[in-house]
Every structure is written in C-alpha cells, then in structure tokens.
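K.L.:
First, the structure itself, so that you have it in front of you.
The values are calculated or read from the model by the stated rules, or taken from the named source; none is laboratory data. Just so you know, these numbers come straight off a predicted model, no measurement behind them. Quick reminder, even Gly has a Cβ in these numbers, built from the backbone with ideal geometry, and neighbours come from all protein chains shown.
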Amino acid sequence: MEINKLKGLGVAMVTPFDAQGNLDLAALKRLTTFLIDGGVDYLVVQGTTGESPVLTKEEKQVTLDTVIEVNQGRLPIVFGIGGNNTLALVNDFKSYDLKGVDAILSASPYYNKPTQEGIYQHYKMLSEHSPLPIIVYNVPGRTASNILPETTLRLASDFQNIVAIKEASGNMEQIMHLIQNSPSDFLVISGDDAITLPILACGGDGVISVIGNAFPHQFKTMVAAAMQDNMTVARAEHFRVLPIISHLFAEGNPGGIKAVLEHLEIIEAHLRLPLVPVSYARKLELIELTNLIND
C-alpha cells in the first residue's frame, strides 16, 4: 500500500445504534456519505470511537461491509483490530473478511500493562501474521501503558509492514522526537484533535480524528492548510473548532460527538452500556457550539 494514502484527515467513525441498541445501518450509510462528501482523506472503522469493545465480531464485519459498500473504493479504509490477547488478534486476521481494507489500526494492549519489550513482541507477532499494513495506536489514557519512542522507532525500523503510529499520548516532546527520528516511510499521525495543529506544524502526517465525524469540511480545511504550510488559514480553522473539542470529551467518547451528530440529523445519539448519553446540560452546550461553528 502507498502510505501517502494515510496522510491527511482520517475519521474514527462512530457506530450508530437505534433505540433498541441494534446497529443502525441506514444511519451508518448517511454518516459514510457525509464524510466522503465532506472531503475526508480516509475512513477508520471500528476504532475505540466506534465502541468496538461492545460489538460482536459479526457486528464489526457488518459495519465494515456497509462502509465498504457505500464507499465504492473512493477512499482508503482502515479497520480496527486491537486487544490485549495477542494470539486472539492473530486469529482475527484470519476470521475477518478484509477485502476492501487498506490498513489495520491496532491499539497497544490494555489492562495487561506489558513492558516495552512485551509491546514490541506483541506487534512483532502481529506484523508476522497481518495480511495488511499496520498502524500502531498509542493511547495511554485507555491502555494504562505508554509506547515509548524508542519502542516505536524499533518497530518502524524492524518491520516493513508497520507503517505508522497514531499518537494519542498528548506528550508533545515524545511526538516531536518521533517526527524527528522516524524513517521517511513511517507516518506519525495525531490521535488528539486539540493538538493536531501543533503536531502538523512540527511535521506530522495528519490525524485520525473524532471531531471530523461532525465537521469534516472544517477540519479537513485546517489539516490541509497546515500540511501546505499555510498557517494563517490553519490557525483560523483550528481556533474555529477548538472551543467544542473539550466539551466533546468531557463526559467520555463517543457520547459527545454522537450528541452533535444527532443535532445534525445524521444519527441518533444512542450508545451501548457501559457508556451512556451525555447530560442534557452538556448536550445544550454542544448544540450551541455546533451552531457557532456552522454559522
């Protein structure tokens, strides 16, 4: 795969549910079309924003197949296959139908709290069995362990099919170290909407975004301008959307972004337990901020 396909704005898609908690495939089709029309560069299906821990394998396959059907080959598709059981993930590579998928996003093992060597060996095994390029996902706030830059750079050097990292540590010093020292064919992708602009200004390769679900055009404008060194436009768009970002995550993800998408009449804001919808007060704040962005 040409890794340039993974540059720019990728969107970590939500998974719509109906009031009974079933997959809402009509809403998923609307969302997919909305994102394509909004100019995003690629789609990410069944990341953590997609509530992947509470979907069955069959449901994950259905969501993937639905997005592929609507996409019709127009944009690259990344599929999330992650977890804390390395051998189970190897089996997942065989059990999913990955036709139409361009790369796999795989979060570092959560809960187990492996050492850096354990993290390296985990991804080494995934690399040896994956049929597709792998994007490493470092998100210590969810996994309780940070992938240190030395481990990431070791993986980038040792395995040709480990092509990128989605960095959501929030540690700019760590991220800048990766950008400065990564091989030229390895991408450093932001995993935090709020600090995407500074990451791009330092030479990052794009973002896998949550806010892009609701504001694809605005966030794409910011990302594209920053990657073209047009910081005047990039800053303007960054500060246009920045006020809503903290509110989106204040009561957990993806509750906030689903509330906004419901206001935009794209999906309904249902989640599966243990997640619950945002409070009424938070919803009103999100609606007000959404209206300001879209004015």
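K.L.:
Kindly provide the set of residues from region 38-90 that are at positive phi and at pLDDT below 95, ordered by number.
P.N.:
Answer for region 38-90, where residues must be at positive phi and at pLDDT below 95: just GLY83.
K.L.:
Another one. What number of residues within region 77-89 are surrounded by 16 or more Cβ atoms within 10 Å (Cβ to Cβ) and either not in a loop (DSSP other than H, G, I, E, B) or not β-branched (Val, Ile, Thr) (or both)? So that I can check it myself, show each step before the final result.
P.N.:
The first filter runs over region 77-89 and keeps only residues surrounded by 16 or more Cβ atoms within 10 Å (Cβ to Cβ), leaving 77-84, 86, 89.
Of the ones still in play, those that are also either not in a loop (DSSP other than H, G, I, E, B) or not β-branched (Val, Ile, Thr) (or both) are 77-80, 82-84, 86, 89.
Count: 9.
K.L.:
Further, regarding this structure: Got a number for residues in region 90-120 being in a loop (DSSP other than H, G, I, E, B) and either in contact with a Ser or Thr (Cβ under 7 Å, 6 or more places away or on another chain) or not hydroxyl-bearing (Ser, Thr, Tyr) (or both)?
P.N.:
Going through region 90-120, the residues in a loop (DSSP other than H, G, I, E, B) turn out to be 96-102, 108-115.
With the extra rule that they be either in contact with a Ser or Thr (Cβ under 7 Å, 6 or more places away or on another chain) or not hydroxyl-bearing (Ser, Thr, Tyr) (or both), the set shrinks to 97-102, 108-110, 112-114.
So the answer is 12.
K.L.:
Applying the selection to region 244-262, what residues are under 13 Å from LEU31 (Cα atoms) and either touching a residue at least 40 places away in the same chain (Cβ under 8 Å) or in contact with a Leu (Cβ under 8 Å, 6 or more places away or on another chain) (or both)?
P.N.:
Kept after step one, since they are under 13 Å from LEU31 (Cα atoms), are these residues of region 244-262: 257-258, 260-262.
The answer is ILE257, LYS258, VAL260, LEU261.
K.L.:
Looking at (1) touching a residue at least 40 places away in the same chain (Cβ under 8 Å); (2) part of a helix (DSSP H, G or I); (3) of a type outside the set (A, V, I, L, M), which one does LYS166 not meet, given that it meets all the others?
P.N.:
Answer for LYS166: the failing condition is (2).
K.L.:
Next question, about the same structure. Let me confirm something: among THR32, THR86, THR115, which residue is over 22 Å from GLY252 (Cβ atoms), in contact (Cβ under 8 Å) with a residue 40 or more places away in the chain and among the polar types (S, T, N, Q)?
P.N.:
Values: THR32 fails: in contact (Cβ under 8 Å) with a residue 40 or more places away in the chain; THR115 fails: in contact (Cβ under 8 Å) with a residue 40 or more places away in the chain.
When all the criteria are applied, what remains is THR86.
K.L.:
Restricted to region 31-57, and to residues that are in contact with a Ser or Thr (Cβ under 6 Å, 6 or more places away or on another chain) and assigned to a loop (DSSP other than H, G, I, E, B), which residue is farthest from GLY8 (Cα to Cα)?
P.N.:
Looking at residues that are in contact with a Ser or Thr (Cβ under 6 Å, 6 or more places away or on another chain) and assigned to a loop (DSSP other than H, G, I, E, B), I get GLU51.
K.L.:
Within region 128-144, can you find the residues that are modelled with pLDDT of 95 or more, buried (at least 17 other Cβ atoms within 10 Å of the Cβ) and either in a helix (DSSP H, G or I) or within 19 Å of the chain's Cα centre (by Cα) (or both)?
P.N.:
Correct list: LEU132, PRO133, ILE134, ILE135, VAL136, TYR137, ASN138, VAL139.
K.L.:
Which residue pairs have Cβ atoms under 8 Å apart, sit 6 or more places apart or on different chains, and have a first residue in region 4-23 that is over 16 Å from LYS220 (Cβ atoms) and free of Cβ contacts under 8 Å to residues at least 60 places away in the same chain and a second that is part of a loop (DSSP other than H, G, I, E, B) and not hydroxyl-bearing (Ser, Thr, Tyr)?
P.N.:
Listed by first residue and then by second, the contacts come to THR15/GLN46; THR15/GLU51; THR15/LEU55; LEU23/PRO16.
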